[in-house]
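Submitted below is the structure of interest, expressed as structure tokens.
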Amino acid sequence: MAEPAEAVELKAVETKSSNSEVGPLQGLSAQRKKSLRARYLYGIIFLLSNLIAWCVRDYGQKLSSELHYLKACGIGGYDCAHTMGVLRVSLGCFIFFFVMFLTTSNTSKLYEARNRWHSRLWSLKCILLIASLTIPFLFPSDFIQLYGELARIGAGIFLILQLISIIEFITWWNNYWMPDERRNKSCFLGLFASTVFYIASVCGIGVMYSLYAPRPSCTLNIFFITWTAVLLVVMMVISLHSKVNRGILSSGIMASYAVFLCWSAIRSEPATEKCSPQKTQNGHGDWTTVLGFLIAIFAIVMATFSTGIDSQTFQFRKDEAEHEDDIPYKYGFFHLIFSLGAMYFAMLFISWNLNSSTRKWIIDVGWASTWVKIVNEWFAATIYLWKLIYPAVRRTKVVDHEEPVHQEGR
């Protein structure tokens, strides 16, 4: 039996509309996948650039004699190796990601031309990367020294942003695993993790006392470790206070992080110090030194990558609705973090000191590195404690402001 003409027309319209909707949706899905894959390629570029900086630092003197024809490299090409070579490669990496930051900022939709530039056109970006890494070797040494001073500031900003990202992750972890009064969630995982983190923190404190403070004359190390232990107690007490009541999971995670920062700071002390169990090594270092060096590099790259994709933490307005054609992460912020990360890596390779050379297969060792990490630990604890206390302080101010109003109404 033949269908009425109106029914046939209606089906045709529905089929056409459904096909027109599927097409754009499939295109947006493909664009989103390309955008998500692109961030891993940028991470590889960042890693390779920093490995080049390390090679220039440790083995650049073999090529320095070939660079004597470059006026910017000085006599014998020395100003293009060691510390100056690291700063030149770092500047090139910074230029590449800063150009990407300028050209992708304020991108919001997948169909924009800037999204295509971020996610595709890799041949052009390879040319840009090669040019960015090459041009700094033509700059005079005074300009590179100025960049080194600015890199200290950029590295400090990077550390602050990374701390905020880590603390926000700890807060999310605490909210996810600790019990919620509105939902019947088990607190077993939260309590178990809290116990593990606190036991690890206490054991870490004990191990640091035995290894890095073996005698009463190690006053500085004793101060670092003791102050870290005090911070652990303060964070636990405040998090359990009745007006804060944030549980012990977040303070346990933060305690472990503070112990790690303290251990890393003491490990950065020069190996010649009497309170350091590390022995001065000549040559290329043993396999533990090499392995620790490689692990440190990959860990810092991963930390930079995770901070770069965590743009939501730094948004002022977090209540904006998401749409199908929105980009999956903020491109401008992503590239800005990598450009600051290039400065941070440079400081690690030269141990935050522009006037001294670092031994081979060593990263972030020296008194400047030690104090940077210690201040980083104290700053992290301060931010965390403020995040605990601020909601309670704000509630108290609101109550004090409302009480006089009620009394006037009576």
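Could you run through segment 201-226 and say how many residues are surrounded by fewer than 16 Cβ atoms within 10 Å (Cβ to Cβ) and either in a helix (DSSP H, G or I) or without any contact (Cβ under 8 Å) to a residue 60 or more places away in the chain (or both)?
Going through segment 201-226 one residue at a time, the tally reaches 10.
Looking at segment 380-399, I want the residues that are within 30 Å of V259 (Cβ to Cβ) and have a partner that is loosely packed, with under 14 Cβ neighbours inside 10 Å and modelled with pLDDT under 85 with Cβ atoms under 7 Å, at least 6 apart or on another chain. Which pairs are those?
A392/K243
If I ask for residues that are among the hydrophobic types (A, V, I, L, M, F, W, C) and touching a helix residue (DSSP H, G or I) at 6+ places or on another chain (Cβ under 6 Å), which ones from segment 340-363 would you list?
Once the filter is applied, which keeps residues that are among the hydrophobic types (A, V, I, L, M, F, W, C) and touching a helix residue (DSSP H, G or I) at 6+ places or on another chain (Cβ under 6 Å), segment 340-363 yields L340, A342, M343, F345, A346, M347, F349, I350, W352, L354, W361, I363.
Further question on the same structure: Exactly one condition in (1) of a type in the set (G, A, S); (2) over 23 Å from I389 (Cα atoms); (3) at pLDDT below 90 is not met by S210; state its number.
The failed condition is (3).
Follow-up question, since we're still on this one. With the requirement that a residue be modelled with pLDDT of 70 or more, of a type in the set (A, V, I, L, M, F, W, C) and outside any loop (DSSP other than H, G, I, E, B), what does segment 308-336 give you?
Those that are modelled with pLDDT of 70 or more, of a type in the set (A, V, I, L, M, F, W, C) and outside any loop (DSSP other than H, G, I, E, B): F333, F334, L336.
Let me ask something additional. Quick check on my filter: what residues within segment 129-142 are surrounded by 15 or more Cβ atoms within 10 Å (Cβ to Cβ) and assigned to a helix (DSSP H, G or I)?
Scanning segment 129-142 gives L129, S132, L133, P136, F137, S141.
Considering only segment 357-369, I want to know if a residue exists there that is under 23 Å from L48 (Cβ atoms), at pLDDT 85 or above and among the β-branched types (V, I, T).
For segment 357-369, residues under 23 Å from L48 (Cβ atoms), at pLDDT 85 or above and among the β-branched types (V, I, T): absent.
Taking the condition aromatic (F, W, Y), within 17 Å of T134 (Cα to Cα) and either in a helix (DSSP H, G or I) or more than 25 Å from the chain's Cα centre (by Cα) (or both), does F101 pass?
no
Hey, another quick one. Output the residues belonging to segment 213-243 that are among the small types (G, A, S) and either over 28 Å from the mean Cα position of the chain (by Cα) or farther than 29 Å from W386 by Cβ (or both).
Answer for segment 213-243, where residues must be among the small types (G, A, S) and either over 28 Å from the mean Cα position of the chain (by Cα) or farther than 29 Å from W386 by Cβ (or both): A213, S217, S242.
I want to confirm something. Restricting to segment 337-362 and keeping residues that are in a loop (DSSP other than H, G, I, E, B) and polar (S, T, N, Q), which single residue is surrounded by the most Cβ atoms within 10 Å (Cβ to Cβ)?
Filtering segment 337-362 for residues that are in a loop (DSSP other than H, G, I, E, B) and polar (S, T, N, Q), the one surrounded by the most Cβ atoms within 10 Å (Cβ to Cβ) comes out as S351.
Kindly list the number of the only condition in (1) modelled with pLDDT under 90; (2) surrounded by fewer than 16 Cβ atoms within 10 Å (Cβ to Cβ) that fails for L161.
Result: L161 fails condition (2) only.
I'd like to know if segment 182-198 contains one or more residues that are modelled with pLDDT under 85, polar (S, T, N, Q) and either part of a loop (DSSP other than H, G, I, E, B) or touching a Ser or Thr at 6+ places or on another chain (Cβ under 7 Å) (or both).
yes
Taking the criterion of being at pLDDT 90 or above and buried (at least 17 other Cβ atoms within 10 Å of the Cβ), would at least one residue in segment 68-83 satisfy it?
Within segment 68-83 (the criterion being at pLDDT 90 or above and buried (at least 17 other Cβ atoms within 10 Å of the Cβ)), the answer is no, since none of the residues qualifies.
Just give me the residues in segment 228-246 being in contact (Cβ under 8 Å) with a residue 12 or more places away in the chain and either assigned to a helix (DSSP H, G or I) or over 30 Å from R394 (Cβ atoms) (or both), in sequence order.
T228, A229, L231, L232, V234, M235, M236, I238, S239
The values are calculated or read from the model by the stated rules, or taken from the named source; none is laboratory data. Predicted model only: the values in this text are computed from it and were never measured. Using ideal geometry, Cβ is built from the backbone for each residue, glycine included, and neighbour counts are taken over all protein chains shown.
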